[in-house]
Each structure stands twice: as C-alpha cells, then as structure tokens.
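First comes the structure, then the notes that go with it.
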Amino acid sequence: MSAIDRSSTVTGTVAVVGTGTMGQGIAQVALVAGHPVRLYDAAPGRAAEAAASIAARLDRLVEKGRLTAADRDAARARLHPARALAELADAELVIEAVVEDPAVKQKLFTELEEFVGDACLLATNTSSLSVTAVAGALRTPGRFAGLHFFNPAPLLPLVEVVRGSATDAAAADRAYATVAAWGKTPVRCADTPGFIVNRVARPFYAEAFRVYEERAADPATIDAALRESGGFKMGPFELTDLIGQDVNEAVTRSVWESFFHDPKFTPSLAQRRLVESGLHGRKSGRGWYDHGAGATPPAPHTAEPRRAPREVTIEGSLGPADVLRELIEEAGIKVVRDGDPADWKGRIELPGGALLRLSDGGAASDDESGTYIHFDLSLDYRAATRIVLAPADSAAPEDVDEAIGLFQALGKQVSVIDDVPGMIVVRTVAMIVDFALDAVARGVAGPEDVDTAMRLGVNYPGGPLEWAGRLGATWLECVLDALHYAYPTGRYGASPALRRRAAAERKVL
Ligand SMILES: NC(=O)c1ccc[n+]([C@@H]2O[C@H](COP(=O)([O-])OP(=O)(O)OC[C@H]3O[C@@H](n4cnc5c(N)ncnc54)[C@H](O)[C@@H]3O)[C@@H](O)[C@H]2O)c1
C-alpha cells in the first residue's frame, strides 16, 4: 500500500522533470492552478530557460486579459528552476516528461525515490510506454500512475489517468482529482498500448492511407470526404502533416509493435516512405502535401454541375442514410416509395435504372443484381456539404451523372472515387467504432470515458460509442464482414464485442 491520501487533491508543490514541450505546458497548468512548481531538466540551464519561457507565456495571458498582472507576479514567484533532483524533495506530485526512453525514465524514478517523501505521487506523461514497466524498478510502485496530457497541455483539456498493474486505487484517485481541480477533463484508463486515444484513433489514419495506397482517391479528396461528409475537423493527410509524419508514424508503429504485429494496427507503407525520405509535413516544408512558399493548396476532385432527376424510387430503408429521403423530397424531387420499409439495405433507383446504395463495406461492382453506385456515410447528412460516390465498373457515364445531379440538388458538392470496398467514411467509422467497443470490452476504459477521450483528445465530432448506437451494431458488423471478405488478413474481423452487441440488437428487433 502507498501512503497516498485518496480523498484529497494535491495542494502543495508540484515538480516537473523534463522541461521540453510537454514539461513546460504541464508546469504552466500547475502554476496557474496555484501550486509552487519546481522544474528540473538534465540539460544544464534548460530548467531556467523553461522558467523564462513559461514566464513569457504568462505575460501573453495577461496581454490577452486571461490572467491579472497580480496573479502573473504571484505565479512567477512560485516558479523555481532546480539544479539537482534533491531540490524536489518537498514535492507532493512529480510529473515526468523526459525523453520517451524506458531505461531513462526508470532510472530517473529510482533516483527520485531517494529524495521525495513516501506520500509523494509520481506520474509519467509517457504516450507510448507501459506505465507498469516504467514503475517496475520502484521500491513503492503503488504511488505511480500515468498522467497523459495532450499537446499543447495548457489548451487541451483531456488527461488520460493511467493505472498500471501496481498502481494503488488511492494514487489513481488522487491523480484524477488533482488534474480535475486544475480544470482538466480526466478519463480513467488501463495500462494498454496507446491508452484510449492513441489506440482507438489508429484507423482514422490507416484507413485513409489504405484507400490512397489502392489509388482509389487522392489525399485532398479523402481529406475532404472525412471533413465535409464525415464531419471530422481535419482530414488524416492534412492532420498528419501538421502533427509530423515521423511523430504520427512512431505512435502507429509503437502500438503495432506493442500488440505483437496484430494486423489491425499495421502501419502504412506510403507513410513509411514519407518518413524515410524526410518528408515530415509542415515542419519540413513537405509531407503528403507541399507546404513550400507559393504552393497551391490541394483541391479535392469535385464534379461539375449535372442535371437533377425529377423523380426517384426508394426501395426499403436506407439504414443510417434514411434521412436522405426527406432531403430529396425537400429538394423538390418526387420520391416514389417501394419495397419493405423494414429492409435496411434499401436503395435509390434512378430514372436511368442505376441503383444508389449506402456503401455496405463491399465494392459496388460486387453486387451483380443491378448497376450499383455506392455513396459514402455521413454522420449528419443534413449538415454534410459533400457526398462521395463510388460507381460499379458497369455504371455508364449517364448513370453517374444522374447520381451526381441528385446529390447536387440537395446542395452538396460531389466527389467520384474509384470503387473501393467500404469507401472512405464507412470503413473509417466502422473500424473506429469496433476498436472502441473492443477497448471497452477489454476493460481499457468505460464507454463514457472512451467517448470523452475521442471528442476532447482528437476533436472527433462525436464519441464512437454514441456512433455505435446511432449506426447500429448489425449494420457495422455487416460492413466489417464485407471488408473482411474483401481483405482477408484479419484486420477487418469484427471484434467479439461488436458481434455480441449485434446479436443482442437482433434479438430485440
Ligand atoms: N510532444 C507531444 O506531443 C507529447 C504529447 C504527450 C506526451 N508526450 C510525452 O512527453 C514526454 C516528453 O515529450 P516532449 O515532446 O516534451 O519532449 P522534449 O524533447 O521536448 O523534452 C524532453 C526534455 O527532457 C529532458 N531530459 C531528457 N532526459 C532527462 C532526464 N534523465 N532527466 C531530466 N530531464 C531529461 C531533455 O533535456 C528535454 O528538455 C515523452 O515521454 C513523450 O512521449 C509528448
């Protein structure tokens, strides 16, 4: 048992070890929350430099009217660079943000244990190492937890509070309560590779890169599909150019290696090439996109205006896209209803005879019962500004024109891509939801914490568990089964958690 008091938050001195990007941000958060803060860095002079840059950031907060001058002066007086670990002896909480190397972190914590009291909470900000492993060499590992802040720490609210195998519940509770008192939104999670966010978010990048590798669409069109149809703030290509291809790929590889090369986490060959060739994104002037001076911003493929059909027939229900019926009628196009409304694999019949259907995870060309054109998922068809189409190889240009005209009449831009199984948003969302359900079933975190983590950690327009409810487990299972049929590597095999949920759903229906 540790000597940690679970019932209260840390009120005394907070020490931050490693004063690079994350250490400085975390120190600023603790300082503004009212703690005396000690800074230590192994590189001589760096803790003092960090104190100066934190002070400069506090000045900017005063200029913006977010901090009073008196509070800034008091905060500066509470900030103390240290020259040796021994100067951290009075800390109630030490947060480590040194280089991502397990041996360095382990050595640091065993040294720290010599100086701090037994009631001092110890935390690592690691994003990819095992909290249990980092605590492995400690005399008292019970008071050790992960506190995973996101960059920039002063702005992003999410903190993953990670409980290693040896972490006492009291220590995790105290860490949780402390960061909550700092105005952050903590979520609890188990010590598994990638924690919540870096695990559940992997398909957001991987699926887009796969669609690109299959030459089904270019980066700008894939980004536009996920933004303007999917509702995500940024597409995976532009986002990884911002994060840095080296940084994003390192996370993917680390999670993949930690899961012993499970095909669900396989990294992208195209991204590997970018990293190897130094095309790291914005910081190197080029990544997926050219960021050099005078570079033309990438534009998605967008169809020219086409004539809208006057009338369409809708057979059955369009499943998660059923609101399209209302939108088509609102656009003044006559809708003839046909078929069984309980058939959720319904379709829209165009006047020329081609059939439009929400992508079901397979390719449009696979369905030999007619000429199909698949359209991609939107998490909100009313708000979506773009719809993506994937025509079967048998579709004639006039068929595609009719489909384009229909969606343009609803006020949407239209992109036509190659006939790839699961298109763009369908496969991305189905995989994210499956990863999220699997993480919950394996006790990584509770459903609400997973949704909160994905909304706040990576800005998703909703939580994956919430999407599971809206889209239906049966639909998601069908999508993954079709993808698994198309790519039988195991990557798309639905998790037992999704299958169980789908079975329960069918029992109720
Ligand atoms: N950068 C991010 O976006 C991000 C986000 C979340 C978590 N993290 C994690 O936070 C940690 C720090 O990342 P960063 O980006 O701030 O790194 P960084 O390179 O900016 O800073 C690391 C600092 O640690 C110092 N250091 C190295 N070894 C030390 C030791 N033994 N004792 C004391 N100081 C030492 C270095 O001199 C440097 O100042 C890593 O574990 C990383 O995985 C980073």
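The values are calculated or read from the model by the stated rules, or taken from the named source; none is laboratory data. All values reported here derive from a predicted model rather than from experimental measurement. Cβ coordinates were reconstructed from backbone atoms using ideal geometry, including for glycine residues, and neighbour counts include every protein chain displayed. Ligands, DNA and RNA are excluded from the accessible area calculation, which covers all protein heavy atoms including side chains. Shrake-Rupley method; radii C 1.70, N 1.55, O 1.52, S 1.80 Å.
Things worth noting here:
- Ellipticity estimate at 222 nm from DSSP helix runs (n ≥ 4, -39,500 (n - 2.57)) divided over the chain, nearest 500: -12000 deg cm²/dmol
- Rounded to the nearest 20 debye, dipole of segment 311-416 from Cβ charges on Lys, Arg, Asp, Glu: 400 debye
- Residue (of His291, Trp475, Leu156) at the positive-pole extreme of the chain, dipole from beta-carbon charges: Leu156
- Amide hydrogen neighbours beyond the local backbone of Arg286, cut-off 5 Å, H modeled: His280, Gly281, His291
- Where the chain is the region considered: accessible area per residue in Å², 1.4 Å probe: 41 Å²
- Dipole axis of the chain (+1 Lys, Arg; -1 Asp, Glu on Cβ), positive-most option in Phe260, Leu498, Ala270: Phe260
- Computed over protein heavy atoms with a 1.4 angstrom probe, the accessible surface ordering of Lys264, Lys507, Lys64, largest first, is Lys507, Lys64, Lys264.
- Inter-label distance for Arg139 and Asp380, nm, one decimal - labels placed 7 Å from Cα along Cα-to-Cβ: 5.5 nm
- Glu505 exposes around 60 Å² of accessible area when a 1.4 Å probe is run over every protein chain in place.
- The charge dipole of the chain, taken about its Cα centre with unit charges on the Cβ atoms of Lys, Arg (+1), Asp and Glu (-1) only, comes to about 1340 debye.
- Pairs beyond 28 Å (Cα-Cα), from Lys345/Lys507; Lys233/Lys264; Lys264/Lys412; Lys233/Lys507; Lys334/Lys412: Lys264/Lys412; Lys233/Lys507
- Count Lys and Arg as plus one, Asp and Glu as minus one, and take only other residues whose Cβ is under 14 Å from that of Thr13; the net charge is then -1.
- Entry note: the chain has Rg to Rh equal to 1.04, where both radii use alpha-carbon atoms and Rh is the Kirkwood radius.
- The relative contact order of segment 391-464, computed from alpha carbon pairs under 8 Å that lie at least 6 residues apart in sequence, is 20 percent.
- Computed over segment 208-284, Cα set: Rg, Dmax in Å: 12.7, 35
- Charge-dipole axis of the chain as Lys and Arg at +1 and Asp and Glu at -1 on Cβ define it, positive-most pick from Ala364, Ile328, Pro219: Pro219
- For segment 208-284, averaging the sequence separation of C-alpha pairs within contact (under 8 Å, six or more residues apart) and dividing by the residue count gives a relative contact order of 30 percent.
- The simple spin-label model puts a point 7 Å past each Cα toward its Cβ; for Thr110 and Ser277 those points are separated by 4.5 nm.
- Estimated vicinal HN-Hα couplings, Hz - segment 405-411 in sequence order (Karplus 6.51, -1.76, 1.60; Gly, Pro = x): x, 4, 6, 5, 5, 8, x
- Trypsin sites (Lys or Arg not before Pro) lying in DSSP loop within segment 293-382, provided at most 12 other Cβ fall within 10 Å: Arg307, Arg310, Arg382
- Cα long-axis angle, helix 425-441 against the chain (0 to 90 degrees, to the nearest 10): 50 degrees
- Net charge dipole size for segment 272-354 [Lys, Arg +1 and Asp, Glu -1 on Cβ; Debye, nearest 20]: 680 debye
- Element breakdown for segment 398-487 at a 1.4 angstrom probe: carbon and sulfur atoms account for 46% of the accessible area.
- Crossing angle, helix 46-63 versus the chain [Cα axis fit, 0-90 degrees, rounded to tens]: 60 degrees
- 0 to 90° range, to nearest 10: angle between helix 69-78 axis and the chain longest Cα axis: 60 degrees
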